[in-house]
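Trainee: So that we are looking at the same thing, I have put the structure below in structure tokens.
Coordinate-derived values only; no laboratory data. Predicted model only: the values in this text are computed from it and were never measured. Heads up, the Cβs are rebuilt from the backbone with ideal geometry, glycines too, and the neighbour counts pull from every protein chain shown.
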Amino acid sequence: MVRKWQGGPEDRRRRVIDAFARCCILTTDRPVPDFKKIWPYQDILPFLDAVTSPDQGWWTQTYRRRIPPPSVIGQAVRKAALERITQGNLGIEDRLGVWNGSVFHGLKLSGALRKGPGTEFTIWARPELVADLSEMPLMHKLEPKAAKHGQRRLRRCYAAFLPPEDPIGRSVLAGLFAGAILRNADGEEWLELPGTQGVKTILSEWGIPCLPFERPMGKRVLHVSPLFGALVAHIMPPHSAGRIQCIRKAGNCPYLPAILWEMAMTKKHSRYMPFPNALPFACSKSTFFRRGWRRRDMHKAGWLELGIHVTPRLRELLVEWFERRSCELRGRTYDSKTFPLSPDMGIPTSPFPPPFTLR
């Protein structure tokens, strides 16, 4: 019996499938062979793992005869590579940019990306998302024209099959808001998400309040303020992030940023926001008093009227936004290692009970 670490047949198959899976995500899923060379598939060669066998002899001239023809690579090996992609941990996470498995998981939860036959996905009426996908530096084939209902097909995008690193992480939240529909209600812009249990679980975990609505034909949706989408816009694709950052009148703003500051960010000698952009879509201190707001009413409004429950995850996003804007005002570049989250910004206790969880 030949051990796997010595370069046996099982080890050869694992290395080839892993390399082909990386090649499908980053460059191409249809490598062209050149049988004049020892390794015919030159597109896969840069993605092969380093050989740890002492004899270094498992991919010599004798192994060339074991390379399957192109038709077999298009069927059996591609199927094995797709199964390997769904397992993740390919070692190319640093080369994906914002297009990691977590972002695609959020896009699927938002309904913007729907699975079709084979490696096909359908994009539903998201022009900013279509613009982002057309500029994606990974392997994909995007349909040039939209169908009658405004949908476009995305084929051979293997990065969409990667699993999320954290099913409720901030990259999933970024993908969820990047795929949300922008709706106008009473002169305010809202992010509309499907009212599924998966979306409710993520919003509840992050402590993000939402308003349930019922669309025509009995479809249940959730409206979320774009403020929370702006908190994760720096890890969104550029066009989807610009859509949120260019909103003029966000839902419940600037009242919502004032409440979040009072509930999660206030401390001694900093009871009010020091500058208007301390939180997304916020207002200045003078506007706060001109509108007749008072700090003593903020906690009650946050708990009872808006159903806000400040969680550690949400507070981390708020503090990170504030430190990014503070660094920009001082002409510095934000770095999470140089400017860590402020330890003196604790969540104040509140006598009010937590809000009810949506079912």
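Trainee: With θ set to phi - 60° and the Karplus curve 6.51 cos²θ - 1.76 cosθ + 1.60, what are the ³J(HN,Hα) couplings of the range 196-210 in order, to the nearest whole Hz, using x for Gly and Pro?
Mentor: These are the phi-based 3J(HN,Hα) values: 7, 5, x, 5, 5, 5, 5, 5, 5, 5, 8, x, 8, x, 9 Hz.
Trainee: Step through the table entries LYS219/LYS300; LYS79/LYS219; LYS141/LYS249; LYS200/LYS300; LYS148/LYS200, compare each Cα-Cα distance with 25 Å, and write down the pairs that go over it.
Mentor: Numbers: LYS219/LYS300 32 Å; LYS79/LYS219 36 Å; LYS141/LYS249 36 Å; LYS200/LYS300 23 Å; LYS148/LYS200 31 Å.
Checking Cα-Cα distances, LYS219/LYS300; LYS79/LYS219; LYS141/LYS249; LYS148/LYS200 exceed 25 Å.
Trainee: Now, a different point. At 0.36 nm per residue, minus the direct Cα-Cα distance, what do ASP34 and ALA76 gain on full extension? Give it in nm, one decimal, please.
Mentor: Details: separation 42, 0.36 × 42 = 15.12 nm, distance 1.97 nm.
Full extension from ASP34 to ALA76 adds 13.1 nm.
Trainee: Then there is this: Quick one: which residues, 5 or more positions from ALA250 or on another chain, have an amide H under 5 Å from its amide H? H modelled 1.01 Å from N in the peptide plane, none for Pro or chain starts.
Mentor: Distant-sequence amide H within range of ALA250: GLU189.
Trainee: Further, regarding this structure: Can you order the peptides 85-98, 222-235 by their average number of other Cβ atoms within 10 Å per residue, highest first?
Mentor: 222-235, 85-98
Trainee: In whole Hz, what ³J(HN,Hα) sequence does the range 289-299 give by Karplus (6.51, -1.76, 1.60; θ = phi - 60°), x for Gly and Pro?
Mentor: With the stated coefficients, the range 289-299 comes to 6, 5, 7, x, 7, 9, 5, 5, 9, 5, 5 Hz.
Trainee: Any idea how far the Cα center of the range 271-298 sits from the one of the range 109-178, in Å?
Mentor: If we compute the Cα centre of each part, the gap is 38 Å.
Trainee: Neighbouring Cβ atoms within 10 Å as the yardstick, rank LYS141, LYS268 fewest first. Walk me through the numbers on the way to the answer.
Mentor: Values: LYS141 13, LYS268 6.
With the sparsest Cβ surroundings first, the list reads LYS268, LYS141.
Trainee: How do LYS145, LYS200 rank when sorted from fewest to most other Cβ atoms within 10 Å of their own Cβ? Mind showing how you got there, number by number?
Mentor: Working: LYS145 5, LYS200 18.
Starting with the residue having the fewest Cβ neighbours, the order is LYS145, LYS200.
Trainee: Something else now. Suppose the chain between TRP124 and ARG313 were pulled fully straight at 0.36 nm per residue; how much longer would it get relative to their current alpha carbon spacing?
Mentor: Working: separation 189, 0.36 × 189 = 68.04 nm, distance 2.99 nm.
Gain on extension, TRP124 to ARG313, equals 65.0 nm.
Trainee: What is the extension gain from PHE213 to ALA146, computed as 0.36 nm multiplied by their sequence separation minus the C-alpha to C-alpha distance, in nm to one decimal?
Mentor: 21.3 nm
Trainee: For the range 96-161, calculate the relative contact order in percent as a whole number, restricting contacts to Cα pairs under 8 Å that are 6 or more residues apart. Please list the in-between numbers first.
Mentor: Numbers: 83 pairs, mean separation 23.5, N = 66.
Value for the range 96-161: 36 percent.
Trainee: Counting residues in the range 96-161 as N, plug N into 2.2 N^0.38 Å and put the Cα Rg over that result.
Mentor: Details: Rg = 10.8 Å, N = 66, 2.2 N^0.38 = 10.8 Å.
The range 96-161 yields a ratio of 1.00.
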